[in-house]
Every structure is written in C-alpha cells, then in structure tokens.
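Nothing in this text is a laboratory measurement; each read-out follows from the coordinates by a stated rule. Note that this is a predicted model, so its numbers are computed, not measured. Heads up, the Cβs are rebuilt from the backbone with ideal geometry, glycines too, and the neighbour counts pull from every protein chain shown.
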Amino acid sequence: MIKASPRIVHLSEVEPNTRRGGDLRAMLTPATVGSTSGFMGVAIVQPGDRIAEHYHPYSEEFVYVVCGQLEVDLDGEPHPLQPEQGLMIPAHMRHRFRNVGNVEARIVFHLGPLAPSPPLGHVDTEETDAVPAGAAPLHVGEAPTAERRQVRS
C-alpha cells in the first residue's frame, strides 16, 4: 500500500474499467494515493449505456452528477438524476445507473468506509461482462441474468 500523501491524479492517468458498463475510473484509492477511509472516482456514461446493477456490503456511496441526464434504480425503483444533484446510497442497496439523455453523462462517486478487502467491496446482481449500450434494464421483480457473485470493485 502507498503511504498517504497529497497527490493530484488526472483522469487520463487511470485506466478505464468498462466491464460493468460505462467508463469507470477509480482515481483516488488505496493503490493510487494511499487512502484509508474510502475512494473516489468518475463514471462516464454514454447515451443509452448503463452501469450494471450492484451493491456495496460495507460502504455507502456518495454520487454527484456533473452533467447529463441519468436515471438510477434504487432497489428496483427508478429515480431521475439531474446535473448538480447529489445522492447518498446506503450500504446493501442495489443500484444501477442509466444515461437516458442524448449527451454523455459524468458522475463523481465516493465510497466509504473501505471494505476489509477489495473482493468484498462490490457485489454484482446482474450479468456484467457484456452490458450492451441501450440494453433494456431489469424490471422490478425480474431476476438477474446471473447468480449474485462477489467481484473486485
């Protein structure tokens, strides 16, 4: 682990993670800056794309919408998210983000506290290895297409 010290990280320094849909960039993390209480990143979601449903068993997630028109499902219930709005997602709450507008959406996210180990920080609740752009979301009560499995965040 890197010792914590002030450090500026540019978005371009972080490899995109697209396996759950969208372009997720965990920027300020234990691995990149030595953080000990949580981590922060940016999600870039193109029109029609989504970030697949998941939950965090140890962490609350704080989200701020920078730009774009999003819809977030919270335990299956859809809620609109507009620019300059913030959202706190409690630990254990299933959530999925969809870009319902016609321009790129960007959100800043922070999760804390850290899970005891990275594999315990994120649990997928639907198939995530091929979330096609514009894919229809699961409806309330519809079963996920894959068994719940714990994966690295």
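Descriptive notes on the structure:
- Relative contact order (%) - criterion: Cα under 8 Å, at least six apart; region: the range 22-104: 33
- Modelled spin-label separation between residue 92 and residue 36, with each label point placed 7 Å from Cα along the Cα-to-Cβ direction: 2.8 nm.
- Burial order of peptide ranges 79-85, 99-105 (average beta-carbon count within 10 Å, highest first): 99-105, 79-85
- Straightening the chain between residue 7 and residue 85 buys 25.4 nm, computed as 0.36 nm per residue apart minus the Cα-Cα spacing.
- When the range 22-104 is described by a simple charge dipole with +1 on each Lys and Arg Cβ and -1 on each Asp and Glu Cβ, the residue from 90, 54, 33 located farthest towards its positive end is 33.
- Remark on residue 122: its backbone amide H falls under 5 Å from those of 151, 153, a criterion applied only to residues 5 or more positions apart or on other chains, H modelled at 1.01 Å from N.
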